[in-house]
Amino acid sequence: MNKIALGVTSSISIFKAADIIRLFQKEDLTVQVIMTDRATNFIQPEFFTALSGQPTIVKLFDQKKHPIEHITLAAEISLLLIAPATANIIAKLASGLADDFLSTFYLAVKSPVLIAPAMNEAMFLHPQTQANIKKLRDLGVAFVEPESGYLACGQQGSGRLASPEKIVQISLRLIRQQPVFKDKLIVVTAGPTREALDPIRFLSNRSSGKMGYELAREAYERGAEVVLISGPVELPPPAGIKVEKVISAEDMRQAVLKYYDRASVVIMSAAVSDFKFSQTSQEKIKKEDLPSAIKLDRTPDILEELGRLKRGQLLVGFAAETSEPKVRAQEKMKRKKLDLMVVNDVSRHDIGFESDDNEVYLLWPDGRERLIGKTSKKKVSREILTEIGAMVNGRKGNN
Ligand code: CTP
């Protein structure tokens, strides 16, 4: 089912519902908006009708429509999200009161329900509201915690609607989670590492981190616990995911090892620098003091070490090659004891690096291979996670 019901209630943050609709549409999901009567004081239903392409529902009994629309719609959706949700709607749902379309619909829905509250801090923290939230949580309703910041009432505090990105990310996880990823820790590394020469200068690799961030997002949506270990990149941290920021290859190594025992899968999509300076200066090196040669050392090969220490974890490596990509990648897969190798041909300029698109070969230790033709990094990460899911299920690997 590709339809979401979005309940919208009378909060000043109602305008953020427009971004929520847009983000769902980017995921090829249809959004059916349901407004409470009071929400129409802020925005006309036609606004959401135009955005969503579906007639907004407000009234319980609309003569022009099916008389029991709340029942038919309940069977068509994969999630009921209420964002923004006022104290009033939370209280109504907690007590089972059904006096308008949204509250009646809630009782008819069998799919997951997610509520994103938005209200003044005192109202949110009031023991009555908290008791209502607890009651709904106990009944299996999920919540997106409001954030702290400036509120419409001019005060600062908790009660601000969570960001549309976070709300949608958590919604997607509720819809897309798969049993195979439940209680599994997936560690993803992303971006480049930087090896310092002095406080100003460093040696690094080309990498935007986009592929790794998409993989982390995808793993999170499928229900895994995700730790994203990221080198310096320009990307915002993905909502809901624990991010560990690192700089050097050694920092990345230590961060990965910290989680390795508990991890089911490690996806090393980071472009780890292979070299570091033999000596790092604490002071900026002056031009006049530039030596005629600068000595480099090898950085630790994180993936090779993970291969040596492996006890049942699934290891996924990335290879960036400029010639004979598959042959070289096969060799690396053997040497590093990987279960899956993702191969990029970096001699091509239309894919990889800073681009939003990629084309990769997937290689397995048993000689199997698969081409994922040029598509968005989001779609590539979706395919990779599908393959990882199948491998975790079948427990096939290079142990
Ligand atoms: N990798 C790593 N630690 C390093 C270098 C690379 O863990 N110090 C990981 C990368 O994250 C990637 C894989 O190893 O998943 C392959 O990286 P690549 O640089 O292509 O391979 P190398 O083994 O470094 O081989 P070479 O540079 O000689 O091609």
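For beta carbons closer than 9 Å, sequence separation of 6+ or different chains, a first residue in the range 76-103 that is of a type in the set (Asp, Glu) and a second that is crowded, with 20+ Cβ neighbours inside 10 Å, the qualifying pairs are GLU76/ALA5; GLU76/GLN32; ASP99/LYS92; ASP100/THR36; ASP100/LYS92. Would you be able to tell me the number of residues in the range 290-318 that are farther than 29 Å from VAL392 by Cβ and open to solvent by 100 Å² or more (accessible area, probe 1.4 Å)? The total comes to 4. Within the range 224-252, no residue satisfies the criterion of being assigned to a loop (DSSP other than H, G, I, E, B), open to solvent by less than 10 Å² (accessible area, probe 1.4 Å), aliphatic (A, V, I, L, M) and farther than 20 Å from ILE170 by Cβ.
Filter the range 270-285 down to the residues that are closer than 16 Å to GLU304 by Cβ and assigned to a loop (DSSP other than H, G, I, E, B), then identify the one that is most open to solvent (accessible area, probe 1.4 Å). The residue in question is ASP274. Taking the criterion of being over 12 Å from the mean Cα position of the chain (by Cα) and at pLDDT 95 or above, the residues of the range 183-196 that qualify are LYS184, LEU185, ILE186, VAL187, THR189, ALA190, GLY191, PRO192, THR193, ARG194, GLU195, ALA196. Just give me the residues in the range 79-88 being open to solvent by less than 10 Å² (accessible area, probe 1.4 Å) and out of contact with any helix residue (DSSP H, G or I) (no Cβ under 7 Å at 6 or more places or on another chain), in sequence order. Within the range 79-88, just ALA85 meets the criteria.
Looking at SER171, SER111, just one residue is open to solvent by less than 30 Å² (accessible area, probe 1.4 Å), of a type outside the set (Lys, Arg) and part of a helix (DSSP H, G or I), and that residue is SER171. For the range 112-155, the tally of residues that are among the hydroxyl-bearing types (Ser, Thr, Tyr) and without any contact (Cβ under 8 Å) to a residue 40 or more places away in the chain stands at 2.
All of (1) under 23 Å from ARG176 (Cα atoms); (2) β-branched (Val, Ile, Thr); (3) within 16 Å of the ligand (Cβ to nearest atom) hold for VAL226 with one exception: (3).
The values are calculated or read from the model by the stated rules, or taken from the named source; none is laboratory data. Since we're looking at a predicted model, the values are computed, not measured. Don't worry about glycine lacking a Cβ; one is built from the backbone with ideal geometry, like all the others, and counts go over all protein chains shown. All accessible areas refer to the heavy atoms of the entire protein, side chains included, with ligands and DNA or RNA removed. Shrake-Rupley method; radii C 1.70, N 1.55, O 1.52, S 1.80 Å.
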